[in-house]
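Taking it in order: structure first as structure tokens, then the write-up.
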């Protein structure tokens with residue numbers, strides 16, 4: 001599935017999800033946010049990379065956590081993650097990181 005296959009969310013819910021102090025601190029941008037799907041972007045800053053010039057794992061996991069949490073909570077109800085993992089696809093220095101998360105739900 002692609003992002004556009006997921007349902008839109010109400011504007012008030014979108015604003016609540018996006019109004020997050022940690023998201024603002026890191027400079028994360030929401031590229032697409034729908035029920036069960038989120039795509040985010042982060043402009044890497046020099047203080048976000050390790051001694052080899054690659055993004056710190058904490059930055060990558062924060063980006064993944066923001067996308068996953070937003071996708072889960074975009075359904076409008078309370079959501080709790082039971083597990084999660086990331087699969088790095090390529091390494092690079094300062095630039096832009098993007099990530100996406102799509103979820104299935106069980107009720």
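For the range 74-93, the condition of being in contact with a strand residue (DSSP E or B) (Cβ under 8 Å, 6 or more places away or on another chain), in a strand (DSSP E or B), surrounded by fewer than 13 Cβ atoms within 10 Å (Cβ to Cβ) and modelled with pLDDT under 85 holds for none of the residues. When only residues in the range 1-43 that are more than 14 Å from the chain's Cα centre (by Cα) and in contact (Cβ under 8 Å) with a residue 40 or more places away in the chain count, which is surrounded by the fewest Cβ atoms within 10 Å (Cβ to Cβ)? Going through the qualifying residues, I end up with 1.
Every residue, every condition in (1) out of contact with any strand residue (DSSP E or B) (no Cβ under 7 Å at 6 or more places or on another chain); (2) modelled with pLDDT of 90 or more; (3) over 24 Å from residue 83 (Cβ atoms); (4) part of a helix (DSSP H, G or I), yes or no:
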{"site": "4", "(1), (2), (3), (4)": "yes, no, yes, yes"}
{"site": "7", "(1), (2), (3), (4)": "no, no, yes, no"}
{"site": "12", "(1), (2), (3), (4)": "yes, yes, yes, yes"}
{"site": "58", "(1), (2), (3), (4)": "yes, yes, no, yes"}
{"site": "62", "(1), (2), (3), (4)": "yes, yes, no, yes"}
{"site": "72", "(1), (2), (3), (4)": "yes, no, no, yes"}
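Whether any residue in the range 32-42 is farther than 19 Å from residue 4 by Cα and either modelled with pLDDT under 90 or part of a strand (DSSP E or B) (or both) is what I want to check. Yes: one or more hits.
The values are calculated or read from the model by the stated rules, or taken from the named source; none is laboratory data. Computed from a predicted model, the values in this text were never measured in an experiment. Because the Cβ atoms are built from the backbone with ideal geometry, glycine has one as well, and the counts that use them run over all protein chains shown.
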